[in-house]
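What follows is a short report on a single structure.
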Amino acid sequence: MMAQVQVFLLWFSAVGCAVIGGVYFAFSTFMMPILARLEKVLMMKAMQLFNGVFQPSLLMLLAVGLMLLMLLFFGTMLAGVILAMLSLMNWSAHESKLIMLASLIYVGGMLLVRVLLSESLDNTLVTAQVSSADSVPVWIRYLTDWTFLNYVRTVASIVASVIYFVVLARR
């Protein structure tokens, strides 16, 4: 039974990490360059609105689309944590070290980047006065730093996905 749970979590994590990596990549590669071409006021307002959508209230969590997105983001992270614990419980298994590596890369890449770095950028942007002249440096820093951090999350997601798929292919 435990082996079936682990296989399910590996598939969920492998696919979930790949999808999330694709979302981050698409946003950094397509959306941020588009926003960078808009007037500074419009760019900041767009990202403020975007960040407001992904800081959901209880009512918004009831929306099916947002629930699925949250399931993907948090579910994949939770699956990574569970896989790491399972690999510790069976450390002698040949795939345990790879599973632990993938889990640490993914959870570290998502959680640490979010909590330690990008959340403060988001908070600074949300509180910035869009029409103020002081807001231009805030936006430029946000655009540069946030996009870089999004690429870090992209790489972490894709690398973890590849490692999970390698583990599955070896079975």
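For the chain, the Kirkwood estimate of the hydrodynamic radius, built from every pair of different alpha carbons, is 17.3 Å.
Considering only protein heavy atoms and a probe of 1.4 Å, how much of the accessible area of the chain is carbon and sulfur, as a whole percent?
77
Normalised by the number of residues in the chain, the mean separation of alpha-carbon contacts (under 8 Å, six or more apart) gives a relative contact order of 43 percent. Selection among SER96, ILE158, PHE148 by position relative to the dipole of the range 92-171 gives SER96 as farthest towards the positive end (Cβ unit charges, Cα centre).
For the chain, the membrane-span-like helices by this rule, meaning whole DSSP H stretches whose C-alpha atoms cover at least 18 Å of axis and whose Kyte-Doolittle mean is -0.5 or above, are 2-26, 40-53, 64-89, 135-170; this says nothing about an actual membrane. Where in the chain is the longest stretch that carries no chymotrypsin sites (Phe, Trp or Tyr not before Pro) classed as loop by DSSP and with at most 16 other Cβ atoms within 10 Å? The reported range is 92-171. Looking at the chain, the accessible area is 56 square angstrom per residue; that uses a 1.4 Å probe and ignores ligands, DNA and RNA.
Candidates LEU10, ALA26, VAL81 compared by Cα position along the dipole of the chain: farthest toward the positive end lies LEU10, with charges placed on Cβ. Taking Cα centre as origin and charging only the Cβ of basic (Lys, Arg, +1) and acidic (Asp, Glu, -1) residues, the dipole magnitude of the chain rounds to 280 debye.
The values are calculated or read from the model by the stated rules, or taken from the named source; none is laboratory data. For clarity, every value in this text was computed on a predicted model and none was experimentally measured. For neighbour counting, all protein chains shown are included, and Cβ atoms are generated from backbone atoms with ideal geometry for every residue, glycine included. Heads up: the accessible areas ignore ligands, DNA and RNA and are worked out on the full protein's heavy atoms, side chains in. Shrake-Rupley method; radii C 1.70, N 1.55, O 1.52, S 1.80 Å.
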